[in-house]
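**Student:** If you scroll down you'll find the structure; I have some questions about it.
The values are calculated or read from the model by the stated rules, or taken from the named source; none is laboratory data. In this text, all values refer to a predicted model and were calculated from it rather than measured experimentally. Every residue, glycine among them, receives a Cβ derived from its backbone with ideal geometry; neighbour counts consider all protein chains shown.
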Amino acid sequence: MNPSEYQPEILETEIQSSWLTEKAFSVDVDTSRDKFYCLAMFPYPSGKLHMGHVRNYTIADVIARYQRMMGKNVLQPMGWDAFGLPAENAAIQKKVAPAAWTKSNIAEMRRQLQRLGFAYDWDRELATCTPEYYRWEQWFFTRLYEKGLVYKKMATVNWDPVDQTVLANEQVIDGRGWRSGAEVERREIPQWFIRITDYAEELLDNLDKLEGWPEPVRLMQRNWIGKSRGVELSFELDTPIAGLDKIDVYTTRPDTLFGVSYVSLAAEHPISLALGKDNPALATFIGDCKKASVAAADMARAEKLGMDTGIRASHPLTGEAIPVWIANYVLMDYGSGAVMAVPAHDERDWEFARQYALPLISVINDEGGQPADVTTAAYIERGTLTNSGTYDGLAFEDAFEKIASALEEKSLGKVTTQYRLRDWGVSRQRYWGTPIPMLNLEGGGEVPIPADRLPSLLPEDVVMDGVASPIKTDPNWRKFEIDGATCERETDTFDTFMQSSWYYARFTCPDYDQGMLDSDAANYWLPVDQYVGGIEHAILHLLYARFFHKLMRDEGLLSSDEPFERLLTQGMVLKDGAKMSKSKGNTVDPQELIDRYGADTVRLFSMFAAPPEQSLEWSDAGVDGSHRFLKRLWRLVQEAESGAAQTLEAATLDKAQKALRRKTHETIAKVSDDYGRRQTFNTAVAAVMELCNEVSRHDGRSAEDAIVIHEALSSAVLLLAPIVPHISQALYQTLTGEHLLDATWPVVDESALTRDEIDIVVQVNGKVRAKIAVAADADKDAVQEIALAHENVQRFIEGVSIRKIIVVPGKLVNVVAN
């Protein structure tokens, strides 16, 4: 390679090869050193990196490399979230087994990641679709079952009849499956659940300890857990239906109890189903409700529809007969599947009541002390009660307690705490996932597969027909003998959130075969010091990972309470103002950019174009500019005179040399803060660019000039090394003859920051008229004298009287004249 030319394609290939050969980033437990575990959310192996991947992994790599230069024992692993429905769909389309397709993609994406120069410990690579990984996930599930934290029950689900699987609410769009487009049905099928609600309070309380997490993420988790204090109360029925003699509801607004004008039931409520058996019209309506989307956004937009059941329930305090309706906006999944409807003070109830001409009873006074006007919209604010009998005039808190007490006295209600959070349903009716390690007994019931018979292997040599899961149609796979009895394996597989909920812990000991985790290794490396990933995972993935961590702690596998100490949620990559996607035709192929400019240019642009938590707007000109800067840095180093071996004598430096040296150490201080505390890598790059500009402007030719230029360039290379490691390694070798991976982070020389002179602004009547240089230790009188003597200041004070002079030490002089 010609050292006078920057040739990234040659340079980067050579350096990356040496890193892999030397296992430069492989680490082991070393209790004599401070550890730093840096992790980016692992990818699904689609086979092709996109710019979102590049940005995410570059951010994490910059942090990891910086911490390594700070002397930490740094773990940064990489693996593959390898199970999931996309592989099945691809297998059907390409007529290849999901396992083969996935493994091929992993090999290709590993090559792409290595070409970007990420400092991964490749010895720790794992894929969640391997038996070595999912064996322990299965073992852990059976342990949770034995502890009573796992159970099976019939549950109402969104069923896609084409994909033959359960869909999350968010995967149902306008009543249709997100992928197949088929009309989704609401079905009751047996599902496996893990009792995350047992940990709701701890998951909520521990959010206060996560000071290194963005507050919006913590708020989203608080809202998802949804702790509320309310009242469980009952509306009694004259005649029992489906074995029920009352309808139970939960409300956080018992102060509005006198505004109830109807009770609404979910379509799947036992009373609804019982009534539908003898009422064809009601049965048809219930069937229509089961096909509707239950995603929050869709429900908010959907027309509120219902049917009067014809039955009545008694108001718990007044005894008044209240009509019972079935409504499409009430879900069986939440609470009891029944709602006390207060149309005057709830937006959804208001829409429903207007649709069916039901009473609007205002029971809350507005700010003016009058019954709230609810003719055009529900009044949802709190206030004093009205139209509420003996409770009139009470504020919310008093009304809550007194109405709750009255209900308790009648044994029709009690104060309780509830959570929006529901137990985690982990069953999926797909093939490409971890088999749930349970056995269904011939006489009913189930038992876990014994630990010594795990893993329950997923057959990989299968043919996908696009409908049924191969393990559901394979009688040989389903058959399982235990203690001489024939059982049948569970044919559902785990939700892929199961695999991503503990992978970070397995990275600490990926080859350990004596258990789920090597506790010594897990307790050394965990918690993860820095986690990096998209804001779209702020709720479910992070919540499940936090839950799993506590489960593993309580099993004695690790000792910490939380998995991730600090969290960075990076913004999206946009082009022309829109998120990059194939459907929009606005994607940029990272590989094409690497081939044209080199990995360092792609990394530099990704870090320089925007702060990490904000969206990055793609710019071809920005990529070109990043490449030009690296070529310029290359030339500066090649042209610099040798100054490495000479000792710097600060006392011999002239004003310009001192200024350049001061700029060097100011830059070290700023960039250190940008990398460590602020994590604003764009401003770090800008600061180094400014330092390089100062080097370019410095035109001295003495030995001292060579020394300060060498110091400036060596520092610039070290400061950029986490972002552009390949060019930095080559240039550091040129400047010092030493290996960059052995270099430590530059240290600020405080003496270099002292100034002989400082610049001060001079104003006359608040307008800037001059800038003056004064001795750093000049007193107030000396500064004032120099300011008044400046020729431009003289022009503006000539012929006027000076009323006062304000001197702000080290900053400005303001002359007030008239």
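**Student:** Can you run down the residue pairs with Cβ atoms below 6 Å, 6 or more apart or on separate chains, where the first is in the range 77-103 and more than 24 Å from residue 119 (Cα to Cα) and the partner is hydroxyl-bearing (Ser, Thr, Tyr)?
**Tutor:** 83/128; 83/496; 84/496; 87/102
**Student:** If you go through the range 98-128 one residue at a time, how many are of a type outside the set (A, V, I, L, M), farther than 24 Å from residue 37 by Cα and touching a helix residue (DSSP H, G or I) at 6+ places or on another chain (Cβ under 9 Å)?
**Tutor:** Of the residues in the range 98-128, the ones of a type outside the set (A, V, I, L, M) are 98, 101-105, 108, 110-112, 114-115, 117-118, 120-125, 128.
If we keep only those that are farther than 24 Å from residue 37 by Cα too, we end up with 98, 101-105, 108.
Next cut, touching a helix residue (DSSP H, G or I) at 6+ places or on another chain (Cβ under 9 Å) only: 98, 101-102, 105.
Of the residues in that region, 4 qualify.
**Student:** Additional query: From 16, 93, 112, 67, which residue is within 21 Å of residue 573 (Cβ to Cβ) and either more than 20 Å from the chain's Cα centre (by Cα) or part of a helix (DSSP H, G or I) (or both)? Break it down into steps so the answer makes sense when it comes.
**Tutor:** Numbers: 16 fails: within 21 Å of residue 573 (Cβ to Cβ); 93 fails: within 21 Å of residue 573 (Cβ to Cβ); 67 fails: within 21 Å of residue 573 (Cβ to Cβ).
From the options 16, 93, 112, 67, the qualifying one is 112.
**Student:** Please specify each residue of the range 120-138 satisfying the condition of being among the polar types (S, T, N, Q) and surrounded by 22 or more Cβ atoms within 10 Å (Cβ to Cβ).
**Tutor:** Initially, the range 120-138 is screened for residues among the polar types (S, T, N, Q), giving 128, 130, 138.
Passing the criteria: 128, 138.
**Student:** Let me ask something else. What residue, of 32, 104, is assigned to a loop (DSSP other than H, G, I, E, B) and hydroxyl-bearing (Ser, Thr, Tyr)? Outline the logic, then answer.
**Tutor:** Values: 104 fails: assigned to a loop (DSSP other than H, G, I, E, B).
On inspection, the qualifying residue turns out to be 32.
**Student:** For residue 539, work out the one condition from (1) among the β-branched types (Val, Ile, Thr); (2) under 32 Å from the mean Cα position of the chain (by Cα); (3) buried (at least 16 other Cβ atoms within 10 Å of the Cβ) it doesn't fulfil.
**Tutor:** Unmet for residue 539, out of (1) among the β-branched types (Val, Ile, Thr); (2) under 32 Å from the mean Cα position of the chain (by Cα); (3) buried (at least 16 other Cβ atoms within 10 Å of the Cβ): (3).
**Student:** Another one. Run down 159, 192 and say which single residue is of a type in the set (A, V, I, L, M, F, W, C), under 17 Å from residue 454 (Cβ atoms), part of a strand (DSSP E or B) and in contact with a strand residue (DSSP E or B) (Cβ under 9 Å, 6 or more places away or on another chain). It would help to see each step written out before you state the result.
**Tutor:** Numbers: 159 fails: under 17 Å from residue 454 (Cβ atoms).
Residue meeting the stated conditions: 192.
**Student:** So, in the range 227-241, exactly how many residues are of a type outside the set (Asp, Glu) and at pLDDT below 95? Give the steps one after another, and end with the answer.
**Tutor:** Of all residues in the range 227-241, those of a type outside the set (Asp, Glu) come to 227-231, 233-235, 237, 239-241.
Remaining after also requiring at pLDDT below 95: 239.
The number of residues fulfilling the criteria is 1.
**Student:** Still on this structure, I have one more. Please go through the range 661-700 and pick out each residue that is buried (at least 16 other Cβ atoms within 10 Å of the Cβ), over 18 Å from residue 606 (Cα atoms) and out of contact with any Leu (no Cβ under 9 Å at 6 or more places or on another chain).
**Tutor:** Across the range 661-700, the qualifying residue is only 670.
**Student:** Against the conditions (1) in contact (Cβ under 8 Å) with a residue 24 or more places away in the chain; (2) in contact with a strand residue (DSSP E or B) (Cβ under 8 Å, 6 or more places away or on another chain); (3) surrounded by 19 or more Cβ atoms within 10 Å (Cβ to Cβ), where does residue 441 fall short? Just the number, please.
**Tutor:** Only one criterion in (1) in contact (Cβ under 8 Å) with a residue 24 or more places away in the chain; (2) in contact with a strand residue (DSSP E or B) (Cβ under 8 Å, 6 or more places away or on another chain); (3) surrounded by 19 or more Cβ atoms within 10 Å (Cβ to Cβ) is unmet by residue 441, namely (3).
**Student:** Of everything in the range 214-236, what is more than 16 Å from residue 406 (Cα to Cα), in contact with a Ser or Thr (Cβ under 8 Å, 6 or more places away or on another chain) and hydrophobic (A, V, I, L, M, F, W, C)? Give them in sequence order.
**Tutor:** Selection gives 217 alone.
**Student:** Give all pairs with beta carbons closer than 9 Å in which a residue from the range 639-655 that is surrounded by 11 or more Cβ atoms within 10 Å (Cβ to Cβ) meets a residue that is among the small types (Gly, Ala, Ser) and at pLDDT below 80; count only pairs at least 6 apart in sequence or on separate chains.
**Tutor:** Pairs that qualify, where the first residue is surrounded by 11 or more Cβ atoms within 10 Å (Cβ to Cβ) and the partner is among the small types (Gly, Ala, Ser) and at pLDDT below 80: there are none.
**Student:** State all residues of the range 652-685 that are within 17 Å of residue 613 (Cα to Cα) and of a type in the set (A, V, I, L, M, F, W, C); if no residue qualifies, say none.
**Tutor:** Answer for the range 652-685, where residues must be within 17 Å of residue 613 (Cα to Cα) and of a type in the set (A, V, I, L, M, F, W, C): 681, 684, 685.
**Student:** State yes or no: is residue 387 touching a Cys at 6+ places or on another chain (Cβ under 7 Å) and either in contact (Cβ under 8 Å) with a residue 60 or more places away in the chain or more than 26 Å from residue 246 (Cβ to Cβ) (or both)? Before the answer, list the steps.
**Tutor:** Working: touching a Cys at 6+ places or on another chain (Cβ under 7 Å): no; either in contact (Cβ under 8 Å) with a residue 60 or more places away in the chain or more than 26 Å from residue 246 (Cβ to Cβ) (or both): yes.
Considered against the rule, which asks whether it is touching a Cys at 6+ places or on another chain (Cβ under 7 Å) and either in contact (Cβ under 8 Å) with a residue 60 or more places away in the chain or more than 26 Å from residue 246 (Cβ to Cβ) (or both), residue 387 comes out as no.
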